[in-house]
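The values are calculated or read from the model by the stated rules, or taken from the named source; none is laboratory data. Given the structure is predicted, the values throughout are model-derived calculations rather than measurements. Backbone-built Cβ (ideal geometry, glycine too); neighbour counts: all protein chains shown. To get the accessible areas, we keep the full protein, side chains included, count just its heavy atoms, and leave off ligands, DNA and RNA. Shrake-Rupley method; radii C 1.70, N 1.55, O 1.52, S 1.80 Å.
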Amino acid sequence: MAQASNGSSSTNNLVVPKANAALEQLKYEVAQELGITLSPDGYQGNKTSYENGSIGGYITKRLVTLAEQQLAGQFQ
């Protein structure tokens, strides 16, 4: 596994660190829409892979939609 530049073993580093709060909010919104309760302390180890994958998949889908809308607005 590749090491992150800060010495951490996580590769989930944000390209835009200021987006962290918005992404956290999005995670809780998506989980609520899917009927999944997230732990307020951030520990999600008690969730199934399916639940965690569903949240991540829907977040990705929403982010791609936002990017497509921004790109479409640039080229009109």
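By the gyration tensor of its Cα atoms, with a ≥ b ≥ c the square roots of the eigenvalues, what is the shape of the chain: rounded for a/c under 1.5, prolate for a/b over b/c, or oblate?
In terms of gyration-tensor shape, oblate.
Between Gly42, Ile55, Asn12, whose Cα lies farthest towards the positive end of the dipole of the chain when Lys and Arg beta carbons carry +1 and Asp and Glu beta carbons carry -1, centred on the Cα centre?
Positive-end residue among those listed: Asn12.
Counting helices only, and only those DSSP H runs with n ≥ 4, report the 222 nm mean residue ellipticity of the chain as the sum of -39,500 (n - 2.57) divided by its residues, in deg cm²/dmol to the nearest 500.
Calculated from helices alone, the mean residue ellipticity at 222 nm is -18500 deg cm²/dmol.
How much of the accessible area of the stretch 17-75, in percent, comes from carbon and sulfur atoms when a 1.4 Å probe is used?
Working: 2550 of 4480 Å².
With neighbouring chains kept in place, the figure for the stretch 17-75 is 57 percent.
Order of 57-64, 11-18 by packing, highest average Cβ count within 10 Å first?
57-64, 11-18
Which parts of the stretch 41-76 would a label at Lys27 reach, counting a residue when its backbone N lies under 14 Å from a point 7 Å out along Cα-to-Cβ?
41-47, 52-60
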